[in-house]
Amino acid sequence: MTISNKAKIGKNVSISSTAKIFDNVIIEDNVMIGDFCSIGFANSPDTSKNLIIKKNVNINSHSIIYNNSIIGENTIIGHNVLIREKTIIENNVQVGSYSDIEGYSKIEQYVKIHSNVHIGQHSNIMSFSWLFPYVILTNDPIPPSNIRQGVIVEPFSIVCTRSTILPGKKIHFGAFVGASSLVNIDLKAETIGSGNPFKQRGPINLIKIPDTKLNAYPWISRFKKDYPEDIEKIYKDLRKKFIK
Amino acid sequence: MTISNKAKIGKNVSISSTAKIFDNVIIEDNVMIGDFCSIGFANSPDTSKNLIIKKNVNINSHSIIYNNSIIGENTIIGHNVLIREKTIIENNVQVGSYSDIEGYSKIEQYVKIHSNVHIGQHSNIMSFSWLFPYVILTNDPIPPSNIRQGVIVEPFSIVCTRSTILPGKKIHFGAFVGASSLVNIDLKAETIGSGNPFKQRGPINLIKIPDTKLNAYPWISRFKKDYPEDIEKIYKDLRKKFIK
Amino acid sequence: MTISNKAKIGKNVSISSTAKIFDNVIIEDNVMIGDFCSIGFANSPDTSKNLIIKKNVNINSHSIIYNNSIIGENTIIGHNVLIREKTIIENNVQVGSYSDIEGYSKIEQYVKIHSNVHIGQHSNIMSFSWLFPYVILTNDPIPPSNIRQGVIVEPFSIVCTRSTILPGKKIHFGAFVGASSLVNIDLKAETIGSGNPFKQRGPINLIKIPDTKLNAYPWISRFKKDYPEDIEKIYKDLRKKFIK
């Protein structure tokens, strides 16, 4: 086992014998770290910075987390994930295998990120939103440049498989981006957008639960697995805040 | 080397000194396992389940295979592959590097899966079909939900690079999906489909071998590398079974 | 540490204790190799071949580089990169994390390859060009076949996020491929192409720097970070050579 003696390790922490823990890592209680992980890495180590892994976090094998980030409580990190410096992940987040978080980003509570999602720098993924496999959030409007216009995904939004969001675009509250879209505009709240070229298609209540006439969206009305008990109230309060 | 003493290891098995083999793994003869692999992992170990790796299998470095799966004879697994629980892989399959098989799926004999393919749960990829790089098979029609409508790919089909198949859709026998398609219908047998929006374009014999007037499809008429000697007969028999 | 005693290691080389170095690897001075790397691997080791890693190269964790390749001076390889045999990488190249270079390819000086780029065999990526995340270069016109028609990307070209280039197609000097394109023609020099279906949209000077009327392209006129001091002269000389 190769755990730096400058790392601080809480109680009931399980670290695989093949994982590597660098200096300046603070691991709280009940954390699990899988095989072949590289935790707290930095290209240019800076002893004034820490990686904080909060309680009950589960990091699966082959994942790499840079120093100078925070991983919130109860968060689950998949296999082969890369999380770079200055990433703030709040509590109860899931990050799927092979996802690549480039740093300088905020991922708010209860966000679910599926496999192989690419999150460019300066992204803000707000609470309770979903990014499905192979979604890409970009940031450079005239590549290559030093301009960084991060993507904003507002709460309770859905971005389906393989969609790309162009620099600085905003997915407004509870919107739905269909699969394989190229999002080049701000998508209105509670609106369906899809395609390449991308178009707004109408309100989210156009999508029905298969074989029924029931609205599939807002999804929180029918899918509450692992969310807080007062999720309906949280939803209403956030909706009021974001849709004026 | 970190091989569980509850694993059963056959003859002439080569396991890298940096690989990890968990409990309840059964490895048959002539298997090779590369560096930094994690073989037989489970989030909640269940001693009544096994991972069976049949003879002559070759697993390349950094791959992760969960417990409660079967890897068939002569199968080759690339680097950085993730195969989750309840995956049945038959004999003579290839799985390319970075591919992510989410479990609860069946991959039949002689299927070839290229790099970075994402196979959602409840997929059935039938014998002798090909999935090229970055293909995604989805399964949830109203994400997020608990509904799982797996994709079915019938024998001898071709799904080209970067195509996405939407939940529950079926690629019928010997069909051809062009690159970067978003498949939202069942594609007829021996038919070309492509695009986003997706359209059926006509019979597979429209595609010619470059610089000739010869039909490129069915591909088995011109590409027999590594297939069984009686592949023509197998093809005819399966065609009769699937095209009525 | 597992370094073959048949490897030749230069001065001031830093190899992580968890990395693996195979036979026939030649590592020059000032090279860094990160955790869990597999350097010089070969399916069928051939002692007449070498992997040469030139001076000042930095290889990040979990990367795999096959034998019989060359990595040029000052090149940076990200995390989880796979580079197969017969890859020639010149000096001052960057290869982003999760990129998959399938071998038999040439990547010329100062090329920048972002994350999760897939480079099929027989590609030639010429000097000073950029491939952004999830770009795919294909090579087989009638998959599956033994035909390999590699992609050529000429100098100073830009291929934006998630674009796919079909077999044998050429991106001419200083061209710009927009995001999520499916390139099925040769793209003219200094021309914008985008979409699926793909179309040429006009000269690169149509794209402006945001909030200005200034041309964003050729990009070298405004972005010189880390390039040689005489980059303007190099650009003019190469332009003369490629645009006649």
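Each value in this text was obtained by applying a stated rule to the coordinates, not by laboratory testing. Note that this is a predicted model, so its numbers are computed, not measured. Cβ placement follows ideal geometry from the backbone for every residue including glycine, while neighbour counts extend to all protein chains displayed.
Data for the structure
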| quantity | calculated |
| --- | --- |
| In sequence order, calculated HN-Hα J values of segment C:143-151 (Karplus, 6.51, -1.76, 1.60; Hz; x Gly/Pro) | x, x, 7, 9, 6, 10, 10, x, 7 |
| Given charges at beta-carbon only (K, R positive; D, E negative), |dipole| of segment A:202-244 in Debye | 240 debye |
| Amide H contacts under 5 Å for C:Y98, placed H, 5+ residues apart | C:H79, C:N80, C:V81, C:N116 |
| For the protein assembly as shown, with +1 on Lys and Arg beta carbons and -1 on Asp and Glu, the positive-most of C:S115, B:N215, A:S129 along the dipole | B:N215 |
| Debye intensity ratio I(q)/I(0), log10, segment B:89-244, q values 0.10 Å⁻¹ (C-alpha model) | -0.33 |
| Taking segment B:94-182 and dividing mean pair separation by its residue count, relative contact order in percent (alpha carbons under 8 Å, at least six apart) | 22 percent |
| Dipole moment magnitude, nearest 20 debye, segment C:140-196 about Cα centre, only Lys, Arg, Asp, Glu C-beta charged | 80 debye |
| Amide N of segment B:114-141 lying under 13 Å from the label point, which is placed 7 angstrom from the Cα of B:F242 along Cα→Cβ | B:124-131 |
| Mean-position separation - Cα centroids, segment B:37-59 and segment C:42-103, in angstrom | 30 Å |
| Inter-chain shielding of B:137-145 (mean C-beta neighbours from other protein chains, 10 Å cut-off) | 6 |
| Average other protein chain Cβ within 10 Å of Cβ, residues B:34-40 | 6 |
| Cα-based Kirkwood hydrodynamic radius, segment B:1-113, one decimal, Å | 13.3 Å |
| Backbone N under 16 Å from the A:L214 label point (7 Å along Cα→Cβ), restricted to segment A:111-151 | none |
| Size of electric dipole in the protein assembly as shown: Cβ of Lys, Arg +1 and of Asp, Glu -1, about Cα centre, debye, nearest 20 | 1900 debye |
| Antiparallel bridge percentage (DSSP; both residues within chain C; nearest 5) | 10 percent |
| Simple label model, 7 Å out from Cα along Cβ direction - C:N146 to A:Q149, nm | 5.1 nm |
| Positive-end extreme of charge dipole, chain B - chosen from B:I88, B:G193, B:I39 (charges on Cβ) | B:G193 |
| Segment C:189-195 - phi-based ³J(HN,Hα) in whole Hz, Karplus 6.51/-1.76/1.60, Gly and Pro as x | 4, 6, 10, 8, x, 6, x |
| Unsatisfied cross-links (Cα-Cα over 23 Å) in the set C:K188/C:K240; A:K20/A:K225; B:K20/C:K112; A:K55/A:K233; A:K169/A:K244 | A:K20/A:K225; B:K20/C:K112; A:K55/A:K233 |
| Cβ-defined net charge surrounding C:P141, 12 Å radius [Lys, Arg +1; Asp, Glu -1] | +1 |
| Relative contact order (%) - criterion: Cα under 8 Å, at least six apart; region: segment B:1-70 | 30 percent |
| Per-residue average of Cβ from other chains inside 10 Å of C:223-232 | 1 |
| Angle in degrees between helix B:231-242 and the longest Cα principal axis of chain B, rounded to the nearest 10 | 70 degrees |
| Rel. contact order, % - alpha carbon contacts under 8 angstrom, at least six apart, chain A | 8 percent |
| DSSP-defined beta bridges in the protein assembly as shown - what % are antiparallel, rounded to 5 | 10 percent |
| Under-5 Å amide H pairs with A:K199, H placed in peptide plane, nonlocal only | A:S194 |
| Sites matching trypsin sites (Lys or Arg not before Pro) across segment C:138-239 that sit in DSSP coil, with at most 10 neighbouring C-beta atoms within 10 Å | C:K213, C:K225 |
| Around B:Q121: net Lys/Arg minus Asp/Glu count, Cβ-Cβ under 12 Å | 0 |
| Estimated D of segment C:97-155 in µm² per second, where Rh is the Kirkwood radius over Cα pairs and Stokes-Einstein applies at 10 °C, 1.306 mPa s | 138 µm²/s |
| Directionally averaged shadow of the protein assembly as shown, computed from the convex hull of its alpha-carbon atoms, nm² | 32.7 nm² |
| Placed amide H near C:G150: partners under 5 Å, 5+ positions off or other chain | C:G168 |
| Simple label model, 7 Å out from Cα along Cβ direction - B:K233 to C:S17, nm | 6.0 nm |
